[in-house]
Amino acid sequence: MNTVAICGNPNSGKTTLFNALTGSHQQVGNWPGVTVEKKVGKFKAAEKTISIVDLPGTYSLTANSIDERIARDFIIKENPDAVIVVVDQTNLERNLYLVLEILEMKKKVVLAFNMSDETQRRGISINTENLAKELGVKIVKTSASKKEGLNELKQAIIQTLENGKETQLFSYSEKFMKYLSQTEEILKKHHSDNFVDYGWTALKILEGDTEIKDSVSQETMQDIDKLTASMSQEFKEDPSIIVSEEKYKFISSLSKKYVTRKKVNESWSDKVDKVVTNKWLGIPIFLLVMWLTFTLTFTIGDIFNGMLDEGFVALGEWAGAKLGEGMLSSFIVNGIIGGVGSVVVFLPNIFLLFLFISFLGDVGYMPRAAFVMDKLMTKIGLHGKSFIPMILGFGCSIPAIMSTRTLESKRDRIVTILVNPFMSCAARLPVYTLVAGIFFPQNAGFVIFTLYVLGILISIISALIFKKTLFKNEESVFIMELPPYRLPSIKSILSEAGMRAFMFLKKAGTVIFAAVIVIWLLASLPAGVEYAGEESIIGIFGKIISPIFKPLGFGFWQASVSLFFGFLAKEVVTGTMGTLFGGEEILSQVLPQFFNSVSAYAFLVFTLLYTPCVATIGTIKQEIGAKWALFSVIYSFAAAYVVSFIVFTIGSIIF
Amino acid sequence: MLVPLSSLKIGMKGKIQSIDFEEQVKERFLAMGFVPGKDIELVHVSPFGDPMVFLIDDNKIMIRREQAGKILIDVGFLIETLFSIPDGMCEVFTIDSGMMLYERLKSLGIYPGITGEKHLYKGKIFFRTNQKDILLGKRISRKILCKKYV
């Protein structure tokens, strides 16, 4: 079976085209070693089945971002039979840069000239026939969103696979070609038969490609270094810059020959941008969009949450009745149905949230939001794009952490993820309501509000600490395109949200399932004890660890066990307390025997800040690796301990 | 006249002259279209003053002010301070100062893009715009940069 790769600039419509070509025949995985998604699909043309790999969207193949390395390694090492380059015609010059780089890799290439309708609307016309002749490739005009040009594209792929030719090196300026051919001569002299293509190798060496440089002898490099030194002197630039400038010169000569632009009136996209980025309106609009996303996600989601929750409760009761009393029954009812159920009920929220996020992403609002918030967020050690995950964190940390994928820089992404769990998620609210209701009946609302504010403060302080310590010298450069607004396709939004929801379910079925079993075992063993009672392993464990919490004002085993169960999901803290103190109804009488108002508040602060729930930790591990997940566990526990200690100590002095 | 991109006000244009970054960052800027010789225009500034959005070949690219300061563009004319420019008509290019002075001058009717007539009266500098004579001190008139076409 033939394999073709599809690549292109971000926002060129590459993924839409890939989806249109493959339909539902797709597999989603990760590229080895990194958490960048790899999609592989299949399509049929002329009775042949062709496998197609979706490469990450990139602007070039030279710089060192993960995406570019993946795309480049795939083309060089996996050697696909042909490469489809998706070109956004409204942006021809910049897109041609990538085309040139791939053509120079001696690949059989088909160009999909996408966004045909948008191009027409903007008064741009391109003489694709002559351009195709000059580049020596087939060009097919497509409109991925309207599914136009797909059959022509498939045909062109088949024809190119059968009798496509590799391209010759392009002609650059005479001044530059002189150095290029001299480099070629040096290579030929020293390595008479190592390279298939001396011209390309010479170009790559001048470009400063380390991989290629390493493949030639030191002697050769010495000769070439002398040559590049005099080239740099003549051009007054670094060699790599000379090469890219030569490429741009060549591209602009192409564009002069084949592109004509009619002057058009300001587009509606520009008009929208003037409002959305306006000095006075920008921030209110941003806040409105965030508020809508947040409220809709949780109001609509809660309807379904309730239904799912009732469903799981009913399922548990039904299973309990069927299985009777016993180990197995307890395992299934308390462990599996209760534990996995408490996570799966968030599924509607996750689906809705990603529905809105992909809608905002596809429309093109996300870069505008980053634009509006960047300054404020960099002040506190984050990034313009961190704002959305932080807001989402008030709902649930899991989708919030997953939404950090929009951040390109690894540093920004790690910091955003690490501070995210301090935003008080919805699951912590039942604990606050219960405890604050008992100890601060007059101003429970205000007490809960202070907890939310404290969470925000701790996340800001943590971000600043991380910025100053972990990532001290890393400057994050922010360069991003504001693509024109586009009407999104409902199908693509639904399938994106559906995929995220499915991935969440898959995780609930693996990581969370395993954690649930371990905790259930600890709560039920040794055999015959009351579930999560004083004699169970977890009860004994609670007694051992409870002295740790003495300085915080709640050094009794029931508090330790509740917190330990809160590790499963934070709202479980209330349920556990109910069980341990003999029923949720009598907590208001029992709790004041254990807590005073200061230690109760310290307990709430600890609940707010301590180790994220197991599902969140699983998500952190999946997104940035086990090392950072472990760091998050330790850091948040330490932060919770220190802050609660301060609260309890100072509170005890004052009150 | 070469000025850094960060000194532009919305609507101002020029030709990219040079970009001064370490190699990897430079590659990224080149790939996004910041190529010497290209026309560039400042189209949006964030409500907080940073980042900025520039238009290159119909593409809107957002960068931070810090990086914009390392990109020089040729605005196609010479710039002199209002203090040193000869008497006569001239166009204000930018105010080389912070927000405070910028807003103060704006409330007087002096802001980038406005044309007026500079004249001296008894050794004092006046800028006449909208049929109004505005008296400017030497210090302030050195902060007002005006276009001088070549």
**OP:** Would you mention how many residues in region B:17-60 are over 25 Å from A:Pro284 (Cβ atoms), among the small types (Gly, Ala, Ser) and surrounded by fewer than 18 Cβ atoms within 10 Å (Cβ to Cβ)?
**Re:** 2
Subject >> Filtered residues of region A:158-180 (kept if part of a helix (DSSP H, G or I) and in contact (Cβ under 8 Å) with a residue 12 or more places away in the chain) >> reply: A:Ile158, A:Gln159, A:Thr160, A:Leu161, A:Lys175, A:Phe176, A:Tyr179, A:Leu180
**OP:** Quick one: in region B:90-114, of everything that is modelled with pLDDT of 85 or more and assigned to a strand (DSSP E or B), which residue is farthest from B:Gly33 (Cα to Cα)?
**Re:** B:Cys90
**OP:** Please go through region A:189-236 and pick out each residue that is of a type in the set (Ser, Thr, Tyr) and more than 22 Å from A:Glu104 (Cβ to Cβ).
**Re:** A:Ser192, A:Ser217, A:Ser230
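Residues checked against (1) in contact with a Gly (Cβ under 8 Å, 6 or more places away or on another chain); (2) at pLDDT below 80; (3) surrounded by fewer than 14 Cβ atoms within 10 Å (Cβ to Cβ); (4) assigned by TED's automatic domain parsing to the domain that holds A:Ala427:
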residue	(1), (2), (3), (4)
A:Phe294	yes, yes, no, yes
A:Thr297	yes, yes, no, yes
A:Ile300	no, no, no, yes
A:Trp318	no, no, yes, yes
A:Ala321	no, no, yes, yes
Subject >> Test: residue in region A:452-460 that is surrounded by fewer than 18 Cβ atoms within 10 Å (Cβ to Cβ) and of a type outside the set (A, V, I, L, M, F, W, C) >> reply: yes
Subject >> One residue from A:Tyr248, A:Tyr258, A:Tyr198 being at pLDDT 80 or above and within 18 Å of A:Ser60 (Cβ to Cβ) >> reply: A:Tyr248
**OP:** Say whether the condition of being away from every other protein chain (no Cβ under 14 Å), buried (at least 16 other Cβ atoms within 10 Å of the Cβ) and under 30 Å from A:Ile251 (Cβ atoms) is met by at least one residue in region B:75-83.
**Re:** yes
**OP:** Please report, ordered by residue number, the helices (runs of 4 or more DSSP H) entirely within region A:397-449 with at least 3 residues that are modelled with pLDDT of 90 or more, out of contact with any Pro (no Cβ under 9 Å at 6 or more places or on another chain) and over 23 Å from A:Pro10 (Cα atoms).
**Re:** A:410-419
Original post:
Any idea which of (1) under 30 Å from A:Ser644 (Cβ atoms); (2) at pLDDT 75 or above is the one A:Phe478 doesn't satisfy?
Top reply: (1)
Original post:
On the given criteria, is A:Val518 outside the structural domain of A:Ser403 (by TED's automatic domain parsing) and surrounded by 21 or more Cβ atoms within 10 Å (Cβ to Cβ)?
Top reply: no
Original post:
So which residues in region B:30-73 are among the small types (Gly, Ala, Ser), at the interface with another protein chain (Cβ under 7 Å from one of its Cβ atoms) and not in a loop (DSSP other than H, G, I, E, B)?
Top reply: B:Ala31
Subject >> Members of region B:45-61 that are touching a residue at least 12 places away in the same chain (Cβ under 8 Å) and within 25 Å of A:Ser255 (Cβ to Cβ) >> reply: B:Phe54, B:Leu55, B:Ile56, B:Asp57, B:Asn59, B:Lys60, B:Ile61
**OP:** Considering (1) out of contact with any Gly (no Cβ under 8 Å at 6 or more places or on another chain); (2) of a type in the set (A, V, I, L, M, F, W, C); (3) within 14 Å of chain B (Cβ to nearest Cβ), say which one A:Leu355 fails and leave the rest.
**Re:** (3)
Original post:
Hey, does region B:125-135 have a residue that's closer than 18 Å to B:Gly11 by Cα and out of contact with any strand residue (DSSP E or B) (no Cβ under 6 Å at 6 or more places or on another chain)?
Top reply: no
Subject >> Qualifying helices (runs of 4 or more DSSP H) (wholly inside region A:40-157; at least 1 residues being buried (at least 19 other Cβ atoms within 10 Å of the Cβ) and under 26 Å from the mean Cα position of the chain (by Cα)) >> reply: A:66-73, A:92-103
**OP:** Quick one: A:Ile336 ticks every box in (1) within 14 Å of another protein chain (Cβ to nearest Cβ); (2) over 30 Å from B:Ile61 (Cα atoms) except a single one, so which number is it?
**Re:** (1)
Original post:
In the list A:Val573, A:Val605, A:Val598, which residue meets the criterion of being over 27 Å from A:Val344 (Cβ atoms) and in contact with a Leu (Cβ under 9 Å, 6 or more places away or on another chain)?
Top reply: A:Val605
Original post:
Looking only at helices (runs of 4 or more DSSP H) that fall completely inside region A:272-345, which ones have 2 or more residues that are in contact (Cβ under 8 Å) with a residue 40 or more places away in the chain and over 34 Å from the mean Cα position of the chain (by Cα)?
Top reply: A:327-330
**OP:** Among the residues of region A:387-412, count how many are crowded, with 21+ Cβ neighbours inside 10 Å and more than 14 Å from every other protein chain (Cβ to nearest Cβ).
**Re:** 16
**OP:** Would you mention how many residues in region B:13-29 are out of contact with any Asp or Glu (no Cβ under 7 Å at 6 or more places or on another chain) and either touching a residue at least 60 places away in the same chain (Cβ under 8 Å) or in a strand (DSSP E or B) (or both)?
**Re:** 3
Original post:
Out of all the residues in region B:119-134, which are under 22 Å from the mean Cα position of the chain (by Cα) and among the aliphatic types (A, V, I, L, M)?
Top reply: B:Ile125, B:Ile134
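The values are calculated or read from the model by the stated rules, or taken from the named source; none is laboratory data. Because the structure is predicted, anything quoted here is derived from the model rather than measured. Methodologically, a virtual Cβ is constructed for each residue, glycine included, from the backbone with ideal geometry; neighbour enumeration extends over all protein chains shown.
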